[in-house]
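Structure, as structure tokens:
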Amino acid sequence: MRKNLAAAGIPDSVPIRVTENGWPTGENPFTRTERTYDQQAFVLETVIRTVYRLREEFHITHYELFGLRDADSSKPDLFHQLGIMRDDYSPKLAFSVVKRLIQELGN
């Protein structure tokens, strides 16, 4: 990453913000495979822990989820299910994982 930033003329002092990150549930329209709530929770925990671990090395100052809740949980297409909560605000498994990570890693 550092090599790519330097090639783009971005010095180490520039803060990095990881934004609009997420991992949707629902059916992948390209592969027709299901992206489960368990997979979403695992992937988000892995990503958040990785960002946290690399925060000082790469001057990462922010991490933001793409969305708190799904746009429309009734639609099987993953583009409507990016949230860590369903559209009725009932939590998916990833909600408790993110909440725990905020408590564990938050300042």
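The values are calculated or read from the model by the stated rules, or taken from the named source; none is laboratory data. What you see is a predicted model, and the numbers here were worked out from it, not measured in a lab. Cβ: placed from backbone, ideal geometry, glycine included. Neighbour counts: every protein chain shown. Ligands, DNA and RNA are excluded from the accessible area calculation, which covers all protein heavy atoms including side chains. Shrake-Rupley method; radii C 1.70, N 1.55, O 1.52, S 1.80 Å.
Points to keep in mind about this one:
- Residue selection: GLY83 satisfies the criterion of being assigned to a loop (DSSP other than H, G, I, E, B) and either touching a Phe, Trp or Tyr at 6+ places or on another chain (Cβ under 6 Å) or at pLDDT 95 or above (or both).
- Reported count of residues in segment 3-30, each being open to solvent by less than 90 Å² (accessible area, probe 1.4 Å), in a strand (DSSP E or B) and touching a His at 6+ places or on another chain (Cβ under 9 Å), is 4.
- Checked against the criterion of being surrounded by 11 or more Cβ atoms within 10 Å (Cβ to Cβ), acidic (Asp, Glu), farther than 20 Å from ARG100 by Cβ and touching a residue at least 40 places away in the same chain (Cβ under 8 Å), the candidates ASP77, ASP38, ASP72 yield just one match: ASP77.
- Selection within segment 54-107 - among the basic types (Lys, Arg) and in contact with a helix residue (DSSP H, G or I) (Cβ under 8 Å, 6 or more places away or on another chain): LYS92
- Unique residue being touching a Ser or Thr at 6+ places or on another chain (Cβ under 8 Å) and acidic (Asp, Glu) when the list is ASP77, ASP88, ASP72: ASP88
- Flag for VAL43 being at negative phi, open to solvent by less than 60 Å² (accessible area, probe 1.4 Å), assigned to a helix (DSSP H, G or I) and touching a residue at least 24 places away in the same chain (Cβ under 8 Å): no
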